[in-house]
Amino acid sequence: MKFTVNGTEHEVSVEDDMPLLWVLRDELNITGPKYGCGIAQCGACTVMLDGQAVRSCQVTADELEGTEVTTIEGLGTPDALHAVQAAWVEHQVAQCGYCQSGQIMQAAALLDMNDDPSDEDIDQVMSGNLCRCGTYPRIRAAVKTAAKTLQEA
Amino acid sequence: MPSLGKIARRTFLIGSAAIAGGVAFGVYAAQRPFANPNLDDLPKGSASFNPWVIIDSDKITLIATHADKGQGIFSAQAAMIAEELDVDLDQVEISFGVPDKAYYNRAAIDVMAGFPMYDNSPTAETVRGFLGGIVKLALPLMATGGSSAVPDSYDKLRQAGATARETLKLAASQQSGVPVEQLKTERGAVILPDGSEIAYTALAGAAAGITPMADIPLRDPKQWRILGKPMERADMVEKSTGTLTYGIDFRTEGMLHATIKVNPRQGGAMVGFDASEAEGMPGVKKIVEITGGVAVIADNTWRAIQAAEAIEFDWGEAPYPAEQDAHWELLSNTFTDAHLNAEARVEGDVEAAEGEEVVGEYRSPYIAHAPLEPLNATILVGENRVDIWTGHQIQQYVEQFVAEITGVDQENVHLHNMFIGGSFGHRLEFDFVKQAAEIANQMRGTPIQMTYSREEDFAHDFPRHITMGRGVAKVKDGKVTALDIQIAGQSVMRSQMGRMGMSLPGPDAQLHEGAWDAPNFNLPNLRVRSYRTEALAPVSSWRAVGAGPNVFIYETLLDEAIHKAGADPLAERIRLMGHEPSVKVLEAVGEMCSWTGPNIGEGRGRGVAYGFSFGVPVATIVEVTATDAGIKLDKAWVAADVGKVIDPVNLENLAQGGTIFGLGHAINCEITYADGMAEQTNYHDHEGMRLYQCPEIAFRPLEIGTKIRGFGEPPIPPSAPALGNAIFAATGQRIREMPFYKHIDFV
Ligand code: FES
Ligand code: FES
């Protein structure tokens, strides 16, 4: 099937039930989205599919035809950080960092829908993303900073 | 007689027996530095002044050998060098370097010297120095663990920066004719009196011919430009943009993916297997046997995992009790003289002490490490060379084990250490590396990336040991007068070192760590005894190791006693504490939350706990509200004395993260065995804490102690008892067993 990742069109032929996560990581070598659990419990694999945050371990190849996928690599780059990434750097959120691709994609999706999230909104939307290192207080603060930046933009 | 090196490699020479045996060796040998490994194949025109600094005509490279699993030591090591070298972090490249004994960890041994870490007496220091010498001669291991990376690095990396700087100045002086005293250094350049600059990179060729300077006095911390101030961690942008390459992200030409299945009854045999269905599945290249199981090699990780799932196995029995209840029963029968590990502390006479008794029994379960990056390693076995790409905390052993498996000389086995997506002790183990080596050895010439499925990671984790505690406290006239604590557990160190082919003579100090060394010098009667069994599930070091369960036992019993005495939990802890830095952290945490007592009305309660581990006194107060839906964690305050702060921002992150780690597992997590297998298979039944449960966490670091300390583990131990004590304050319900959710609901 044909689909677009970060603006580039790709054609892959894989089994229908291969999860998007593994299409990205092992077929296309796009390794920003991470494997953590494979069962929608950790959020490390979060990407945007047609603008919606999804767990890429739960989206299968047969659903991809004609879609547009954005991974962390497509959100911003070290030289051109997205507002959420800039907030993550400002608050020095990451410890091991392995969950952060997913956290950042989830936060960016949240702010797309709601540019002024309350504490409860943040708790609700971000709780599906597990951080084993415990960076939650900084994630909360960074989401708020990013919201402010985006509101002012 | 075997050589000292041999004895020490096979039986870790730690603890009383080895010292009493009086092994003698020349002080000279212990003080002589190891050769600089960078000189082995240094290109002409490059200079390496010591193992940590390399400069050539176009760049400055700083070597940061401690494994980084999220604690930030990669950046911190570079900052220590940069401070004295007079470069900024944006001017340098940082490398994990190559495994070599020049990078051996001198500080990791201090915690095992048999003296409490607050004991700075000449005797304690002599023994630590002596052990340091043995380690260097016999077991010069690069290792990251025991919260030792900062203390190990602090002096030697600043010294590395200083010697390189002074040598560069000498080269500049020779080149310019200006006396050294008139030269300054700044941002990677030597500054001449007329203001002109010579970049370090331009001096590399000249400096390479100069014998590096030695014993340069270090700068007073008051002059620091980088250290002690908020830093931007060197890995932060990459970690925020998905551009950091973890081991699992490593890619190389022709690489295939693999996964394994070994007996989930840990250490049990594989009786047989049927892979006929798996063999024909898409992408499968080969199915091979490895020790205790099978590996599937495919062109994609998911395909390998799918095929592995399709294999039918006949697994042998577990070499430990099959059911969890039997584990607890066995442990409860371990409190006997025959199982005595150590009578670790005896003050006064707990039996003769007068007072009303408080009696309690406490339990701490098995817990998985479950870092978010599943275990993985990529190995290429070539003609006469092996390359390994993975992240590990004990690098030389990785090379040694892979050399043994592949038959390639260890000097031709090269580990490229990678960033690690969390460890918590998981990356101290070697099975995953050995398995990857066994696979790659059967696929010579093809790079193989072996990745555990999350389910395999849970099934094959060696969890934190289970612990049972029994305590009797006595109270009289409103004061705690005696604590008598017995702790029984599986010996972590024997289990873990056994898998490394080493034996541990004598007691396992982890079974009483955090309890025997509690600096309650004003408590007249204190006894701590530990009991040991080895008949349970294989276990491993889990962040904070013994101090986690032991501080939970100690501080819960103490809290019960204080309540019985009718005293204030904070004031009584301060009264019992004779150790000045510990008094200060307790006072600090009380001040931070404006402590007025455990009950603050409206269903809210506060609990305090203190923990001493890895040389760091930490005090934590947790505040909870008892709501209709269950316990809600509102706030936590943490104060700790780390001696010296390297990066206040990263330190705060570790304080918050460590507290969350301690609280999350205390509330939510356990591994239990049924039919010999761990019942928990993925994060849905062992998740730690999620964001909605996370309290606000305030942190205050103190700099009182004379030694700098690492902080990766110390925030863990007091967090669980502080929460348990807060729940008691809010509800009157005393919880003596983790995970707490089995006894009370949480929001
Ligand atoms: S890997 Fe997809 S949610 Fe964990
Ligand atoms: S930073 Fe390590 S899992 Fe989140």
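Against the test of being in the same structural domain as A:TYR136 (by TED's automatic domain parsing) and either under 12 Å from the mean Cα position of the chain (by Cα) or modelled with pLDDT of 95 or more (or both), the options A:GLY97, A:GLY51, A:GLY36 yield a single qualifying residue, A:GLY97. A single member of B:GLY590, B:GLY578, B:GLY643, B:GLY657 is within 14 Å of chain A (Cβ to nearest Cβ), closer than 30 Å to B:VAL150 by Cβ and not in a strand (DSSP E or B), and it is B:GLY657.
Please determine whether any residue of segment A:69-81 is within 16 Å of ligand 2 (Cβ to nearest atom) and not in a loop (DSSP other than H, G, I, E, B). There is at least one residue in segment A:69-81 that is within 16 Å of ligand 2 (Cβ to nearest atom) and not in a loop (DSSP other than H, G, I, E, B).
The residues of segment A:28-42 that are more than 6 Å from ligand 1 (Cβ to nearest atom), within 7 Å of another protein chain (Cβ to nearest Cβ) and more than 18 Å from A:GLY97 (Cβ to Cβ), listed by number, are A:ASN29, A:ILE39.
Between A:THR60, A:THR46, the distinction of being modelled with pLDDT of 95 or more, more than 14 Å from ligand 2 (Cβ to nearest atom) and not hydrophobic (A, V, I, L, M, F, W, C) belongs to A:THR60 only. The residue that is nearest to the other protein chains (Cβ to nearest Cβ), counting only those in segment B:236-258 that are part of a loop (DSSP other than H, G, I, E, B) and buried (at least 20 other Cβ atoms within 10 Å of the Cβ), is B:GLY242. Restricting attention to segment B:354-407 and to residues that are among the acidic types (Asp, Glu) and open to solvent by 10 Å² or more (accessible area, probe 1.4 Å), the residue that is modelled with the lowest pLDDT turns out to be B:GLU383. So which of B:PHE49, B:PHE74, B:PHE25 ends up being under 23 Å from B:VAL150 (Cβ atoms) and either assigned by TED's automatic domain parsing to the domain that holds B:PHE424 or at pLDDT below 90 (or both)? Exactly one of B:PHE49, B:PHE74, B:PHE25 is under 23 Å from B:VAL150 (Cβ atoms) and either assigned by TED's automatic domain parsing to the domain that holds B:PHE424 or at pLDDT below 90 (or both), namely B:PHE49. Each residue in segment B:457-501 was checked for being part of a helix (DSSP H, G or I) and open to solvent by less than 10 Å² (accessible area, probe 1.4 Å), and 3 pass.
Evaluation of A:SER101 against the conditions (1) more than 9 Å from every other protein chain (Cβ to nearest Cβ); (2) in contact with a Pro (Cβ under 7 Å, 6 or more places away or on another chain) shows that the sole unmet condition is (1).
Residue pairs whose Cβ atoms lie under 9 Å apart, separated by 6 or more positions or on different chains, with the first residue in segment A:93-108 and open to solvent by less than 10 Å² (accessible area, probe 1.4 Å) and the second more than 11 Å from ligand 2 (Cβ to nearest atom) and of a type in the set (Lys, Arg), are A:ALA94/B:ARG233; A:GLY102/A:ARG55.
Can you report the number of residues in segment A:49-68 which are more than 14 Å from ligand 1 (Cβ to nearest atom) and not small (Gly, Ala, Ser)? Counting residues in segment A:49-68 that are more than 14 Å from ligand 1 (Cβ to nearest atom) and not small (Gly, Ala, Ser) gives 8. Considered as a group, the residues in segment A:68-89 that are open to solvent by less than 10 Å² (accessible area, probe 1.4 Å) and within 15 Å of A:ASP50 (Cβ to Cβ) include one that is farthest from the other protein chains (Cβ to nearest Cβ), and that residue is A:VAL69.
Can you find, within segment B:693-716, the residue that is farthest from the other protein chains (Cβ to nearest Cβ) among those that are within 20 Å of the chain's Cα centre (by Cα) and among the aliphatic types (A, V, I, L, M)? My answer is B:ILE708. Restricting attention to segment B:194-235, the residues being in a helix (DSSP H, G or I) and over 25 Å from B:GLY643 (Cβ atoms) number 9.
For segment B:274-295, enumerate the residues that are within 14 Å of another protein chain (Cβ to nearest Cβ), in contact with a strand residue (DSSP E or B) (Cβ under 7 Å, 6 or more places away or on another chain) and closer than 16 Å to B:SER453 by Cβ. The answer is B:GLY283, B:VAL284. I'd like to check something: does segment B:675-688 contain any residue that is part of a helix (DSSP H, G or I), within 14 Å of chain A (Cβ to nearest Cβ), open to solvent by 10 Å² or more (accessible area, probe 1.4 Å) and not aliphatic (A, V, I, L, M)? Within segment B:675-688, one or more residues are part of a helix (DSSP H, G or I), within 14 Å of chain A (Cβ to nearest Cβ), open to solvent by 10 Å² or more (accessible area, probe 1.4 Å) and not aliphatic (A, V, I, L, M).
The values are calculated or read from the model by the stated rules, or taken from the named source; none is laboratory data. This structure is a prediction, so every number in the text was calculated from the model and none was measured. Because the Cβ atoms are built from the backbone with ideal geometry, glycine has one as well, and the counts that use them run over all protein chains shown. Accessible surface is based on the protein model in full, side chains and every heavy atom, while ligands, DNA and RNA are left aside. Shrake-Rupley method; radii C 1.70, N 1.55, O 1.52, S 1.80 Å.
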